[in-house]
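Have a look at the structure below, then the notes.
The values are calculated or read from the model by the stated rules, or taken from the named source; none is laboratory data. Remember, it's a predicted structure, so these values are computed and weren't measured experimentally. Using ideal geometry, Cβ is built from the backbone for each residue, glycine included, and neighbour counts are taken over all protein chains shown. Please note that ligands, DNA and RNA were not included when accessible areas were found on the heavy atoms of the full protein model with its side chains. Shrake-Rupley method; radii C 1.70, N 1.55, O 1.52, S 1.80 Å.
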Amino acid sequence: MRIFESGEMYLETILVLHQEHEMVRAIDVANERKYSKPSVSRAINVLKNKNLLTIEKNGNLMLTPAGEALAKTIYERHQIITKYLITALDVDPIIAEEDACRMEHVISVETISKIKEYLDK
């Protein structure tokens with residue numbers, strides 16, 4: 001299943017926030033991404049309708065197995081690209097982080113595999 005870049009960003013943000021906190025609510029995502037509450041609400045409903053997340057009665061956002069798998073893939077790409085930009089190209093870590101955040105959504109499976117292979121050497 002393919003979703004838009006913005007949907008991927010929401011999934012990745014929820015995954016990362018859950019690594020830091022037990023409970024993640026829509027307001028936490030809005031604050032983290034600096035998005036408006038209505039935008040977050042719309043996106044969460046889209047992801048919920050695609051069965052990528054659920055909302056518990058207390059407002060906690062939970063990734064479904066499919067949502068978590070997709071979020072982990074995106075986050076792994078982010079980490080690989082960031083590491084590559086810093087170690088292989090000597091890009092400033094802050095810039096590398098920002099660039100990786102954009103690149104992770106468009107990079108091919110083949111290219112990310114080659115970067116990972118390069119880093120493992």
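Taking the condition assigned to a loop (DSSP other than H, G, I, E, B), open to solvent by 40 Å² or more (accessible area, probe 1.4 Å) and of a type outside the set (D, E, K, R), does Met23 pass? Lay out the reasoning, then the answer.
On the way: assigned to a loop (DSSP other than H, G, I, E, B): yes; open to solvent by 40 Å² or more (accessible area, probe 1.4 Å): yes; of a type outside the set (D, E, K, R): yes.
Considered against the rule, which asks whether it is assigned to a loop (DSSP other than H, G, I, E, B), open to solvent by 40 Å² or more (accessible area, probe 1.4 Å) and of a type outside the set (D, E, K, R), Met23 comes out as yes.
Among the residues of the stretch 55-93, what is the count of those that are within 17 Å of the chain's Cα centre (by Cα) and either of a type outside the set (A, V, I, L, M, F, W, C) or surrounded by fewer than 16 Cβ atoms within 10 Å (Cβ to Cβ) (or both)?
Initially, the stretch 55-93 is screened for residues within 17 Å of the chain's Cα centre (by Cα), giving 61-83.
Then keep just the ones that are either of a type outside the set (A, V, I, L, M, F, W, C) or surrounded by fewer than 16 Cβ atoms within 10 Å (Cβ to Cβ) (or both); that gives 62, 64-69, 72-73, 75-79, 82-83.
Looking only at that region, the number is 16.
Only one of Asn58, Asn31 is of a type in the set (S, T, N, Q) and outside any helix (DSSP H, G or I). Can you tell me which?
Details: Asn31 fails: outside any helix (DSSP H, G or I).
Just a single option satisfies the conditions, and that option is Asn58.
Quick check on the stretch 29-43: of everything there that is touching a residue at least 12 places away in the same chain (Cβ under 8 Å) and either out of contact with any helix residue (DSSP H, G or I) (no Cβ under 6 Å at 6 or more places or on another chain) or of a type outside the set (Val, Ile, Thr) (or both), which residue is nearest to Ala100 (Cα to Cα)? Talk me through it step by step, then tell me what you get.
As a first pass, look at the stretch 29-43 and keep what is touching a residue at least 12 places away in the same chain (Cβ under 8 Å): 29, 32-33, 40-41, 43.
Applying the additional criterion that residues be either out of contact with any helix residue (DSSP H, G or I) (no Cβ under 6 Å at 6 or more places or on another chain) or of a type outside the set (Val, Ile, Thr) (or both) yields 32-33, 41, 43.
Details: Glu32: 17, Arg33: 16, Ser41: 26, Ala43: 22 Å.
Per the criteria, the residue is Arg33.
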